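Throughout, read-outs are computed from the coordinates displayed, never taken from laboratory work. Being a predicted model, the structure only gives us computed values, none of them experimental. Virtual Cβ from ideal backbone geometry, glycine too; neighbours counted across all protein chains shown.
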Amino acid sequence: MVRQRSVFSFFLVLLSTFLFSCGGPGVAVAPPTYTAAQLERIQAYIPEIQAVRDRSQELKTLIQRGDWINVRNFIHGPITEARLNLTYVTPNLLPKDQPTARQITRDFFNHLVKLDKATSASNPQIALTNSQAAFADVDKFLQLLPKAEES
């Protein structure tokens with residue numbers, strides 16, 4: 001009888017150990033991070049986006065001078081390329097940042113449309129307001145991007 005109790009106790013200990021090891025809190029999941037490939041793709045577009053951002057004063061000057069042809073060329077050239085780059089970067093961002101990036105890109109596009117309409121109407125006040133808003137959207141987008149040292 002003593003021998004049966006010790007064998008029974010042994011199996012009971014094994015069973016309880018197994019059950020405790022299977023239960024309990026789940027495995028800790030590391031927060032999502034960027035892969036090397038994602039960082040590489042994002043970093044490839046940053047200089048182009050930043051170059052357009054750095055030309056904001058140039059657009060402001062063109063609007064103030066009333067040089068509407070060059071304003072439209074600027075809108076349909078470099079700024080449209082920047083919009084495409086924002087669109088290309090968005091899928092490579094972390095899932096939690098993608099909705100924000102999409103919204104910023106939509107806002108940027110809406111400001112560009114209003115800027116283009118103001119340019120067609122030769123309205124410098126609305127054009128300046130929307131160009132500033134468009135570049136503010138670019139700044140917001142750049143803040144979402146990972147720094148070069150993040151991984």
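Give me the one-decimal nm value for the distance between modelled label points at Thr87 and Thr33, 7 Å along each residue's Cα-to-Cβ direction.
In this crude label model, Thr87 to Thr33 measures out at 3.3 nm.
When the Debye formula is applied to the Cα atoms of the range 105-147, each taken as the same point scatterer, what base-10 log of I(q)/I(0) results at q = 0.24, 0.25, 0.28 Å⁻¹?
-0.72, -0.75, -0.87
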